[in-house]
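Below: one structure, written as structure tokens.
The values are calculated or read from the model by the stated rules, or taken from the named source; none is laboratory data. This structure is a prediction, so every number in the text was calculated from the model and none was measured. Note: ideal-geometry Cβ built from the backbone for every residue, glycine included; neighbour counts use all protein chains shown. Ligands, DNA and RNA are stripped out before the accessible areas are found, and what is left, the full protein with its side chains, is counted by its heavy atoms. Shrake-Rupley method; radii C 1.70, N 1.55, O 1.52, S 1.80 Å.
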Amino acid sequence: MSSASTSTLPSVPGTDPTRCILDSFRISIAKRIAEALPSLTVEQVYNGVDYGKKGEDFTVALPRFRLPGKVDEHASKVVSSFQPDEWVQSVKHDKAFLHFQVNTASLFRQVLTQVSTLTHSTTSGKPEYGENKSGEGKKIIIEYSSPNIAKSFHVGHLRSTIIGAFLANLYKACGWEVISMNYLGDWGTQFGMIAVGFEKYGSQEALEKDAIKHLFDVYVQVNKDAAENPEVKVEAAKWFKRMEDGDEEALKNWRVWRALSIKKYTDEYARLNVHFDVYTGESAVGREWQDKALERLDQMGLISDVEGAKLVDLEKWKLQKAVLRKKDGTSIYLTRDIGGAIERYEKYKFDKMIYVVSAQQDLHLAQFFKILKLMEFPWADKLEHVNYGLVQGMSTRKGTVVFLDQIIKEAASVMHEQMQKNEEKYKAVEDPEGTSLEIGITGVKIQDMAAKRINNYAFSWDRMKSFEGDTGPYLQYAHVRLASIARKNPHLLPLPSPSSIKVELLADSPHARDIVFLLGSYPDVVKTALKTHEPSGVVTFAFRLAHVISSAWDVMVVKGEEDVEVARARLWVYENARDVLGAAMRLLSIRPLERM
Ligand code: ARG
């Protein structure tokens, strides 16, 4: 067999066969068509080489090139000049389409070698298969999670956390320098309320034990007081004004509350496999730019004074009117976002900044993006809002979810009970607590990322814990099963170097071919996700892979195969499949399990 070599193919901008070998197969297809139809360039054709429907590897829809003359004639030219080679095996003409099958032997050799090399032999020492360099030299800030201290952590924050963590991994995988940022709601009149309430209900001990819960409790209590006694709100507003004026005495406790809350959050995020480079918050936004924004908009005639409060009029852009400053002079959410964005640009000089915030705040985000544009900041168009829909029905058996740790605990215990139902299996699990926690979290994440972000969905614990259907537990199970093959076949290990594995022996197996082709497509899945900011494409890929593996399972056996060379080649396919499935899961912020 002649070994396919990428050097004989032209290079096409935006492709990188050293990281995505399917690029070579597509370029080879494009090259043939461009040779048969000389008015087209390889690059033009390349952009029209799509994945085929079931049974076809790649398909080109000829009409998209808008060539003069008849489609049939163009197709015949391609078909009659066709010669199979190490890249492409055959072509089929069907109406306006040309379908291509790639050369199976080189598909196997090239894809599996690339997966192995980019997983186990990279200079970074880390698995890199699926990654690309498109973002090299560029910096992005991704702001996500951003809960409010002393208020509840609702499912909207959970979605932001899950989607944001995915985006951070995704941008890193595409070569970007990523700054993960958590913008806490750590400022505002509620802190005046807590300060007032803390004098009456606060406990240092409870605070140290669980700051998030204690501050929430104090806040609930003091709000009850305020409902009966209007004086409480007045006191609170006074207190917050002192904080805004930088009165150290008024700020002292607040600093401790904030620090302890962050500490608690950091632990919980770690359990979710989520990390932040920067914890900042509304409190950190300086006054300077908030004032300047107001001035600038005033000069533009967009500000009106309503009983001392300042309003910006964005009706012209169908973005309504918005308050920028209250009448007591304290700042508000919107103004802080304007000032915050400007400060972030000055500090980080980002090439892009993403805000992962619920679609309920579409108007808010649109307003402050618009204001930054009106202020003519050249970087204003580098901001992007990644939004998402609502989740219904996520409550624990004890009631409504208020805290992140309740969600985590419930996911773990629901999963734990589920696993105990299978007594035999359960006994074999080394660390049932840790394992059920991990699978439970996977279940929550998969349910969240399975559909388009903007869709609302109803959360279901039954679905989340199920090992059947496209669920988190099923995905972990698929990975565990793959991980077990090597353990069960020590006589085949270590596998020889890729070039010595006789993968041609599998060329007749449609199961192996399906798996390998999918593995080859993973770098494209990553690229598409970067364009759409949708985790669902990666989730879909992971399940497709899990399904083709599960269909291969009983047919493409390793244990019990007498021909050692065949067994090795099969094992190699499974090992690569496990590496790619693991990579997809990690991209989704999931920790793939080795055993369960
Ligand atoms: N803390 C806000 C909330 O819970 C979310 C913050 C979103 N980010 C922003 N830059 N506005 O609603």
Viscosity 1.002 mPa s, 20 °C: Kirkwood-radius Stokes-Einstein D of region 476-518 over Cα pairs, µm²/s: 174 µm²/s
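State to the nearest 20 debye the size of the charge dipole of the chain about its Cα centre, where the only charges are +1 on K and R beta carbons and -1 on D and E beta carbons.
Details: 78 positive and 79 negative charges, 131 e Å.
About 620 debye.
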For region 95-156 and region 389-438, distance of Cα centres in Å: 29 Å
Value of D in µm² per second that Stokes-Einstein yields for region 492-595, Kirkwood Rh from Cα pairs, at 25 °C (0.890 mPa s): 168 µm²/s
³J(HN,Hα), Karplus 6.51/-1.76/1.60, whole Hz, each residue of region 41-54, x for Gly, Pro: 8, 4, 4, 4, 5, 3, 5, x, 8, 10, 4, x, 6, 2
For the chain: relative contact order, % (alpha-carbon pairs under 8 angstrom, 6 or more apart): 14 percent
Cross-link pairs 382/452; 263/488; 347/370; 126/349 - those with Cα-Cα distance over 32 Å: 263/488
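So what's the convex hull volume per residue for the Cα atoms of region 6-102, in Å³?
Residue-normalised Cα hull volume stands at 93 Å³.
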Simple Cβ-charge dipole of region 6-102, Lys/Arg +1 and Asp/Glu -1, about Cα centre, in debye nearest 20: 280 debye
Relative contact order of region 461-596, pairs being alpha-carbon contacts under 8 Å that are 6 or more residues apart, as %: 38 percent
For region 395-587, Kirkwood radius (reciprocal of mean inverse C-alpha pair distance, Å): 18.3 Å
Contact order normalised by residue count of region 6-102, Cα under 8 Å, 6+ apart, percent: 25 percent
D_trans [Stokes-Einstein, Kirkwood Rh over alpha-carbon pairs] for region 91-197, 20 °C, 1.002 mPa s, µm² s⁻¹: 117 µm²/s
Share of carbon and sulfur in the accessible heavy-atom surface of the chain [1.4 Å probe, %]: 51 percent
Per residue accessible area in Å² of the chain, where ligands, DNA and RNA are left out and the probe is 1.4 Å: 45 Å²
Vicinal HN-Hα couplings computed from phi for region 543-556 (Karplus, 6.51 cos²θ - 1.76 cosθ + 1.60; Hz; Gly/Pro x): 6, 4, 4, 4, 5, 5, 5, 5, 6, 7, 3, 7, 9, 9
Values of log10 I(q)/I(0), in the order q = 0.09, 0.11, 0.12 Å⁻¹, for the chain under a Debye, Cα-only, solvent-free model: -0.84, -1.10, -1.22
